[in-house]
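In what follows, a structure is listed as structure tokens, so that the remarks can point back to it.
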There are 2 protein chains.
Amino acid sequence: MIMDPWSSQTVDYKKIIKEFGVSEISDDIRQFVVETAKSKNVNSKWFTHNIIFSHRDFDKFIDAHKRGESIAILTGVKPSGEFHFGTKQVIQELIMFQKLFNAKTYYCVADFEAYADNGKWIDETSETAVSNVADVLALGLDPNNAYIYRQSMEPIVQKFAYYFSRKITNATFRALYGDKSFSLYLSALTQIGDILLPQSDEHSGPKHVLVPVGIDQDPHLRLTRDVAEKNGFITPSSTYHYFMKSLDGSQKMSKRNPDSMLTLSDSDDDIKRKISKALTGGRDTVQEQKEKGGQPEKCMVYELSYYHVENIDELESRRQKCKSGELTCGECKKEIISKLITFMNKHREKKKLYLPLARAIVEKGRFDGQSKEGQEMIKRYLVKI
Amino acid sequence: MIMDPWSSQTVDYKKIIKEFGVSEISDDIRQFVVETAKSKNVNSKWFTHNIIFSHRDFDKFIDAHKRGESIAILTGVKPSGEFHFGTKQVIQELIMFQKLFNAKTYYCVADFEAYADNGKWIDETSETAVSNVADVLALGLDPNNAYIYRQSMEPIVQKFAYYFSRKITNATFRALYGDKSFSLYLSALTQIGDILLPQSDEHSGPKHVLVPVGIDQDPHLRLTRDVAEKNGFITPSSTYHYFMKSLDGSQKMSKRNPDSMLTLSDSDDDIKRKISKALTGGRDTVQEQKEKGGQPEKCMVYELSYYHVENIDELESRRQKCKSGELTCGECKKEIISKLITFMNKHREKKKLYLPLARAIVEKGRFDGQSKEGQEMIKRYLVKI
């Protein structure tokens with residue numbers, strides 16, 4: 001079975017856990033996260049709602065954190081379009097981990113991958129990168145404890161790609177990714193560079209690094225774990241979330257199908273329209289729904305509420321009300337639309353404040369919030385809130 | 001027929017001209033070079049002695065020069081060892097062209113290729129790179145009109161490699177180079193980046209670029225010509241020389257066979273020993289040689305004299321004296337040894353003067369002799385001669 005990070009597809013999660021050898025989130029891990037989150041006043045719904053469903057060596061990362069060792073967190077997104085809600089989710093995970101572990105957090109603008117995968121050269125994606133980085137900051141990444149960079153402007157990442165090009169055979173590439181273009185294999189090598197960047201000499205050497213991603217990125221993790229082990233790095237840890245489905249219920253949310261997903265640049269009207277058209281688990285008539293109740297397990301709006309109703313009890317109460325027929329689809333949609341519009345209005349306001357800093361970061365190509373230069377950029381470009 | 005730039009091999013030059021579609025040096029070209037050389041007091045033995053035997057679009061490059069257009073010259077060498085005399089030759093060609101055309105001349109320290117091909121990572125080759133660059137300067141490259149860089153520290157080259165990774169299929173790589181490792185294909189992409197560097201926006205855009213190389217490098221030229229044409233660059237021109245054979249007559253000189261080649265780091269004793277052991281076209285006995293004469297066409301010392309006897313008449317006179325039995329092998333070797341030792345002593349003295357500048361260039365990774373910074377480096381590090 002080949003999981004291909006470059007295609008949208010439906011996923012059999014049970015099969016993945018079994019075949020890829022990833023681990024389910026244990027009760028111990030969940031308990032640790034939820035309790036730490038509570039003590040730090042951080043929302044941990046990705047764990048309470050079981051959206052992050054599996055991991056590799058997350059326990060080892062937690063142990064390193066408990067021992068007070070140097071750790072880091074990293075994820076990356078292609079600047080191939082405005083963030084959709086699936087991307088927002090991984091960024092929110094990143095931010096949750098930054099708060100939980102108080103560790104330096106890396107955000108990679110994967111512009112070389114956007115080129116390899118979508119054919120948009122780095123000058124075509126720089127404006128999108130500015131918007132993406134502003135979203136990341138507006139969602140809550142603390143720039144004072146962050147490293148933000150573009151693949152195309154980070155020589156360490158490129159050097160790693162060259163270095164590991166000699167350690168991986170064409171056969172390994174094919175086994176992991178299927179028969180792909182040279183360019184996509186090169187982009188896989190570049191992602192090894194991304195994941196190992198926090199362990200480079202320039203970033204104070206080997207450390208435990210946690211990489212929150214979608215399960216489709218696991219081939220990159222497997223490849224990196226393999227070469228890390230053989231080349232003096234600490235094997236990276238990773239967490240995996242379920243894919244948010246698209247609003248028509250067809251597959252994972254994907255930038256390739258813009259009509260069926262919410263994005264962070266949607267207007268209020270976009271949200272209303274998209275949610276109104278979304279696939280639900282409603283019955284053919286109101287009468288039938290009142291009698292038989294709704295089917296939340298089939299409903300994309302219920303799925304959305306998984307990501308936007310913070311409290312697990314409230315979520316369960318919604319499910320019960322739907323199943324009993326008490327909560328109609330119209331009312332339910334109205335409530336979710338209202339929640340989303342409130343969130344989006346706040347987000348838009350915040351994003352405006354972060355745009356100048358985001359632009360400066362993207363233009364510079366590399367930003368270290370802990371460096372003198374980074375601190376000066378924050379002072380200069382971050383409009384005081 | 002696949003010419004593989006990564007293997008040492010004997011070469012059928014007639015076949016190459018026919019199959020690769022390279023052009024022989026025409027009388028017009030030779031005449032232009034020799035006359036220009038004479039007027040500028042430059043040695044043009046690579047053309048008078050027919051060592052540079054073929055080219056691609058060298059005539060177009062000359063025409064651009066005559067029209068006064070912006071032009072550049074470029075070659076590169078892996079820092080995988082001390083320069084052998086085959087490498088010295090390509091550097092001397094580069095320097096001849098710099099003088100003939102008074103054009104900005106690029107020297108690439110191909111450290112990524114040294115890694116891909118020889119497995120030496122860039123930190124292992126940096127000392128060799130210093131020695132190589134000092135050799136290039138001591139041989140006569142004018143740093144005031146030169147750009148010298150390491151592949152690993154030139155982001156423009158790396159960006160080109162990524163850019164063109166999407167324009168070339170695995171099938172094209174295989175057709176051009178045979179079934180090689182991912183790493184060598186990546187190194188081929190990097191060489192496209194090298195060859196197009198002088199045409200990048202940062203280097204004032206499209207221009208005619210001349211690339212003097214050994215014929216084994218032609219696959220890189222063909223690949224670059226192909227992508228250049230399709231992507232708004234001017235098709236590069238190239239010249240090709242015969243390979244200097246190794247002293248045992250077995251194949252082209254190669255860093256892989258250090259005992260049978262002269263290098264720029266040889267001591268006087270090394271030179272004496274190596275030349276004394278070299279394969280000649282001598283007869284079994286002095287008596288027989290006096291009667292039948294020597295066989296210069298089989299003699300590696302005669303071949304060496306091709307590269308070290310500047311005057312074509314003197315060369316011809318040596319050949320006649322050999323064939324008539326007048327010049328014995330012992331005497332001939334003695335003369336060549338003396339010529340080489342004189343050259344090497346001068347070279348060693350010059351190289352000492354250039355080492356500090358070479359070290360500064362390699363440490364910096366990029367050096368532009370025409371920039372303010374480059375001029376300051378020359379002033380600071382170049383010991384006045």
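Positive end of the dipole of the protein assembly as shown (Cβ unit charges, origin at the Cα centre): among B:PHE61, A:GLY81, B:ASN43, the Cα lying farthest that way belongs to B:ASN43.
Could you tally the net charge around B:LYS167, taking each other residue with its Cβ under 11 Å from the Cβ of B:LYS167, Lys/Arg +1 and Asp/Glu -1? Within the 11 Å Cβ shell, the charges total +1.
Label separation (B:GLU373 vs A:ALA171): 4.5 nm, computed from points 7 Å beyond Cα along the C-beta direction.
Fewest neighbouring Cβ atoms within 10 Å first, the residues B:LYS78, B:LYS290, B:LYS38, B:LYS245 line up as B:LYS38, B:LYS290, B:LYS245, B:LYS78. Comparing B:ILE91, B:ILE29, B:ILE122 in a Gaussian network model of chain B, where Cα atoms under 10 Å apart are tied by springs, the biggest mean-square fluctuation is seen for B:ILE29.
Within the listed set A:TYR306, A:TYR177, A:TYR163, the residue fluctuating most in the Gaussian network model of chain A (springs between alpha-carbon atoms under 10 angstrom) is A:TYR163. For B:THR36, A:THR224, the sequence from fewest to most other C-beta atoms within 10 Å is B:THR36, A:THR224. Shortest first, B:GLU310 label-point distances to identical copies amount to 8.4 nm, with the label point at 7 Å from Cα along Cα→Cβ.
Axis angle, to the nearest 10 degrees, between helix B:155-165 and the longest C-alpha principal axis of chain B: 80 degrees.
Among the DSSP beta bridges whose two residues both lie in the protein assembly as shown, what percent are antiparallel, rounded to the nearest 5? Display every interim value, and only then the final one.
Working: 22 of 60 bridges.
If we restrict to bridges inside the protein assembly as shown, about 35 percent are antiparallel.
Using a 7 Å offset from the Cα along the Cα-to-Cβ direction at both B:ASN50 and A:LYS364, what is the distance between the two label points in nm, to one decimal? Spacing of the two 7 Å Cα→Cβ label points: 6.2 nm. If R0 is taken as 45 Å, the Cβ-Cβ distance between A:LEU353 and A:ASP27 corresponds to a FRET efficiency of 0.65. Expressed to the nearest 5 percent, the antiparallel share of DSSP beta bridges inside chain A is 35 percent. Build a GNM of chain A with springs between Cα atoms under 10 Å apart, and of A:THR125, A:THR235, A:THR342 the one that fluctuates most is A:THR342. Across chain A, C-alpha contacts under 8 Å between residues 6 or more apart give a mean separation that, scaled by the residue count, equals a relative contact order of 20 percent. Taken about its Cα centre, chain B carries a charge dipole of roughly 340 debye when the Cβ of each Lys and Arg holds +1 and the Cβ of each Asp and Glu holds -1. Helix B:329-364 sits at what angle to the longest principal axis of chain B, using alpha carbons and giving 0 to 90 degrees rounded to 10? Helix B:329-364 sits roughly 20 degrees off the main axis of chain B.
Using 1/(1 + (r/R0)^6) with R0 = 22 angstrom and r between the beta carbons of B:ARG222 and B:SER181, what's the FRET efficiency to the nearest 0.05? According to the calculation, E is roughly 0.65. For the range B:46-61, in order, what is each residue's ³J(HN,Hα) by Karplus, 6.51 cos²θ - 1.76 cosθ + 1.60 with θ = phi - 60°, in whole Hz (x at glycine and Pro)? Ordered by residue, 3J(HN,Hα) equals 4, 9, 4, 8, 6, 6, 7, 9, 7, 6, 10, 6, 4, 4, 5, 4 Hz.
For the range A:115-219, the relative contact order is 25 percent, taking Cα pairs closer than 8 Å that sit 6 or more residues apart in sequence and dividing their mean separation by the residue count. Placing a label point 7 Å from the Cα of A:ASN170 along the Cα-to-Cβ direction, the distances to the matching points in the other copies come to 0.7 nm, shortest first.
Axis of helix A:218-230 versus longest Cα principal axis of chain A: the two differ by about 30°, to the nearest ten degrees. The simple Förster model, with R0 at 45 Å and r as the Cβ-Cβ distance, assigns B:HIS308 and B:GLU19 a FRET efficiency of 0.90. Each other copy places its own label point for B:LYS364 at 2.4 nm from this one, sorted shortest first, where the point lies 7 Å along the Cα-to-beta carbon line. Taking the range A:40-54 and a reference point 7 angstrom along Cα→Cβ of A:ASN102, the backbone N atoms nearer than 18 Å belong to A:40-43.
In what sequence do A:GLU124, A:GLU297 fall when counting other Cβ within 10 Å, fewest first? Show your work: numbers first, answer last.
On the way: A:GLU124 15, A:GLU297 11.
Ascending number of Cβ neighbours within 10 Å: A:GLU297, A:GLU124.
The residue in chain A that lies nearest, by its beta carbon, to the axis linking chain A with chain B is given here with the distance in whole angstrom as A:GLN158, 3. Look at the alpha carbon pairs under 8 Å that are at least 6 residues apart: their mean separation over the length of the range A:275-338 gives a relative contact order of 39 percent. Residue farthest toward the positive end of the dipole of chain A, with Cβ of Lys/Arg at +1 and Asp/Glu at -1: which of A:ILE361, A:VAL22, A:LEU210? Sorting the options by dipole projection puts first A:ILE361.
Values in this text are rule-based calculations from the coordinates and carry no lab data. Predicted model, so just to flag it, every value in this text is computed and none were measured. A quick note on method: Cβ atoms are made from the backbone with ideal geometry, for glycine too, and the neighbour counts reach across all protein chains shown.
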